[in-house]
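No lab work stands behind these numbers, since they all come straight from the coordinates. This one's a predicted model, so the numbers in the text were calculated from it and none came from an experiment. In this analysis, Cβ positions are derived from the backbone assuming ideal geometry, glycine residues included, and neighbour counts consider all displayed protein chains.
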Amino acid sequence: MRNMHRLSLHMDSPALGHPVRVQILCPVGRGPFCVVYLLHGLGADCEVWRSYDVETVAARYRLMVVMPDGGQSYYVNDPRPAGLGAWEDAIVRDVRGAVDRMFRTVAARTARGIAGVSMGGYGALMLGLRHPDVFGAVGVLSGSLYFGHKPHPRGQAYQTALASSLPRGAYDVFSLAENVSQRPERRPAVWLACGLDDGHLRDHREFRNLLARLDWPCAYQEGPGGHDRDFWQPRLSELFSFMNDHLVGEENPLES
């Protein structure tokens, strides 16, 4: 028996001026469902998750999974006149709003999580911290946590140009964490994982240490592996288990 419906949609995005392509896995049954937004990495699109067998993992917990395209946006609102557009608004406002209108979801932060790999790992953490009234749990696999915080470790021109165009500190997950921590009731639950041979490991450790100084609990993992699917694939089950443990269908006092 099939446990999940797979849908491929194009959702209108006034923020971008064009539709966003979205893959959705929805559990069979009436719901309402908790939702996990899953963000891809640089150079991929929403179709990449088909090869990760997300359907099997999500079905185990009856979590709805929303997988939007994010292009090469790092999921930020690009302010450049000829830039990539307002991707933050597209995901948080347009796609999220459409999902809650179209499906029987629990439309509360307590029932909504966001996760991703690499660029998408950064995007998940950044959006979770910029919108703590929207997301109650965040999962990061090998996130590009340097973005908006310091130069690209290998001096990549594309990321450097995009990051330098953004308002200072506005998309820096380190600064965002310090700001959110001032109101503990707004802190999303955080799960981080990175490979021991991954160039992003130092940033993950620095962010973990920051959360420790802020007395912010964090589920943290390191293990053999690099910045690739061989490290990410086996940890999807743990990521979704974390989401399942932290997402509940209760009313959200922070969200109108």
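Cα gyration tensor of the range 138-256, axes a ≥ b ≥ c as square roots of the eigenvalues: rounded (a/c below 1.5), prolate (a/b > b/c) or oblate? Display every interim value, and only then the final one.
Working: a/c = 1.87, a/b = 1.15, b/c = 1.62.
Cα axes put the range 138-256 in the oblate bin.
Step through the residues of the range 201-207 one at a time and calculate ³J(HN,Hα) from phi using the Karplus curve (6.51 cos²θ - 1.76 cosθ + 1.60, θ = phi - 60°), rounding each to whole Hz and writing x for Gly and Pro.
Once θ is set to phi - 60°, the couplings for the range 201-207 become 4, 4, 5, 4, 5, 5, 5 Hz.
Just how large is the dipole of the range 4-246 about the Cα centre, in debye to the nearest 20, putting +1 at every Lys and Arg Cβ and -1 at every Asp and Glu Cβ?
Details: 26 positive and 25 negative charges, 99 e Å.
Using only the charged Cβ atoms, the result is roughly 480 debye.
Would you mind telling me which residue in Tyr61, Tyr75, Tyr37 has the biggest mean-square fluctuation in a Gaussian network model of the chain, where springs connect alpha carbons within a distance under 10 angstrom?
Fluctuation is largest for Tyr61.
Based only on Cα atoms, what mean projected area does the convex hull of the range 4-246 have, in nm²? All intermediate terms of the calculation are to be shown ahead of the outcome.
On the way: hull surface 47.4 nm².
If I average the Cα hull's projected area over directions, I get 11.9 nm².
Farthest toward the dipole's positive end in the chain, which of Val57, Leu84, Gly116, given Cβ charges of +1 (Lys, Arg) and -1 (Asp, Glu) about the Cα centre?
Checked the options; the winner is Val57.
By how many nm would the segment from Arg213 to Asp89 grow when fully extended, if each residue of separation counts as 0.36 nm and the alpha-carbon distance is taken off? Walk me through the intermediate numbers first.
Working: separation 124, 0.36 × 124 = 44.64 nm, distance 3.08 nm.
Working it through step by step, the gained length comes to 41.6 nm.
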